[in-house]
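The values are calculated or read from the model by the stated rules, or taken from the named source; none is laboratory data. In this text, all values refer to a predicted model and were calculated from it rather than measured experimentally. All Cβ positions, even for glycine, are placed from backbone atoms using ideal geometry, and neighbour counts span all protein chains on display. Surface areas here come from the heavy atoms of the whole protein model, side chains and all, with no ligands, DNA or RNA. Shrake-Rupley method; radii C 1.70, N 1.55, O 1.52, S 1.80 Å.
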Amino acid sequence: MVIIGAGNLGKHILEILLDEDYNKEIIFFDEKKPSTNSYLGAYKIENDIKFITSYFKQVDNRFVVGIGQNRIREKMVQKFRLLGGHYTSVISQKAFVSPLIRPIETQVIIQPGAGLSNNIVMGEGCVIHANSIIGHDVKMGKYVSVATLTTLIGPCEIGDYSFIGTNCVVMPGIKIGKHVVVGASVKVNRNVNDYETLV
């Protein structure tokens, strides 16, 4: 497995894989880190794109993008797919995913302690951080990030590329547009237009 990005989200992904006794090789790719680096002395950090292309062909073509910024995460997914990579979900077994939820057919990251109720729809590239609650009938577009300790009370809708900050509450019936940023600890009780910032 290749984790794209050796920052905080990449390390959270590593934690999930290790917690679930993932027994195959894990390496990081990060253009900003020297290739001599490793994380914890055990996980190589590569910065040569040719190495990753070869790795996809010869070893394992699975990858996940551990970059928090939604649009950059999407660009990296597109880039590494073109190199032959297979974009893969990482879903913690310590998250609660309702047995009544629609199958999660898109690639997502769901961290430990998250709770997902029934009839949720998530677009590709969504990240649900630790201990967040996604209520029934919530619809999320692609590359949405829901930060730690946030609650989306269903039904509600979150548009593509939006970021919902830590400890927020989104009330039932609310529609949040695309490219929206909701700051920490905001109670969202009105509809939010595309590109709006709510603090």
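So is residue 113 of a type in the set (Gly, Ala, Ser), over 30 Å from residue 181 (Cα atoms) and assigned to a loop (DSSP other than H, G, I, E, B) or not? Taking the combined requirement at face value, the residue does not satisfy it. Quick check on the stretch 46-66. Is at least one of its residues assigned to a strand (DSSP E or B) and either open to solvent by 70 Å² or more (accessible area, probe 1.4 Å) or at positive phi (or both)? Within the stretch 46-66 (the criterion being assigned to a strand (DSSP E or B) and either open to solvent by 70 Å² or more (accessible area, probe 1.4 Å) or at positive phi (or both)), the answer is no, since none of the residues qualifies. Looking at the stretch 124-168, which of its residues are within 17 Å of residue 181 (Cα to Cα), in a loop (DSSP other than H, G, I, E, B) and charged (D, E, K, R)? Across the stretch 124-168, the qualifying residues are 142, 160.
The single condition among (1) in contact (Cβ under 8 Å) with a residue 60 or more places away in the chain; (2) open to solvent by less than 20 Å² (accessible area, probe 1.4 Å) that residue 142 does not meet is (2).
Criterion applied to 187, 175 was being touching a strand residue (DSSP E or B) at 6+ places or on another chain (Cβ under 6 Å) and either in contact (Cβ under 8 Å) with a residue 40 or more places away in the chain or more than 24 Å from residue 73 (Cα to Cα) (or both), and the one residue passing it is 187. Test residue 45 against the stated conditions and say whether it is at pLDDT 95 or above and either under 17 Å from residue 5 (Cβ atoms) or within 14 Å of the chain's Cα centre (by Cα) (or both). Answer is no for this residue.
Yes or no, residue by residue, for (1) among the small types (Gly, Ala, Ser); (2) modelled with pLDDT of 95 or more; (3) open to solvent by less than 40 Å² (accessible area, probe 1.4 Å); (4) over 30 Å from residue 2 (Cβ atoms):
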residue	(1), (2), (3), (4)
102	no, no, no, no
116	no, yes, yes, no
122	no, no, yes, no
132	yes, yes, yes, no
136	no, yes, no, yes
175	no, yes, no, yes
188	no, yes, yes, yes
194	no, yes, no, yes
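In the stretch 165-172, is there at least one residue being under 16 Å from the mean Cα position of the chain (by Cα) and surrounded by 15 or more Cβ atoms within 10 Å (Cβ to Cβ)? The answer is yes, given that some residue of the stretch 165-172 is under 16 Å from the mean Cα position of the chain (by Cα) and surrounded by 15 or more Cβ atoms within 10 Å (Cβ to Cβ).
Filter the stretch 152-164 down to the residues that are open to solvent by less than 60 Å² (accessible area, probe 1.4 Å) and of a type outside the set (A, V, I, L, M) and list them by number. Passing the criteria: 154, 156, 159, 160, 161, 162.
Looking at the structure I just gave you, is residue 98 of a type outside the set (A, V, I, L, M), surrounded by 14 or more Cβ atoms within 10 Å (Cβ to Cβ) and within 30 Å of residue 120 (Cβ to Cβ)? Answer is yes for this residue.
If the condition is being farther than 23 Å from residue 59 by Cα, in contact (Cβ under 8 Å) with a residue 40 or more places away in the chain and either in a helix (DSSP H, G or I) or open to solvent by 40 Å² or more (accessible area, probe 1.4 Å) (or both), then the stretch 74-95 contributes 74, 93, 94. Taking the conditions (1) open to solvent by 30 Å² or more (accessible area, probe 1.4 Å); (2) within 25 Å of residue 178 (Cα to Cα); (3) in contact with a strand residue (DSSP E or B) (Cβ under 9 Å, 6 or more places away or on another chain); (4) at pLDDT 95 or above in turn, residue 106 satisfies each one other than (4).
Looking across the stretch 1-29 at every residue that is among the charged types (D, E, K, R) and over 17 Å from the mean Cα position of the chain (by Cα), the one that is least open to solvent (accessible area, probe 1.4 Å) is identified as 20.
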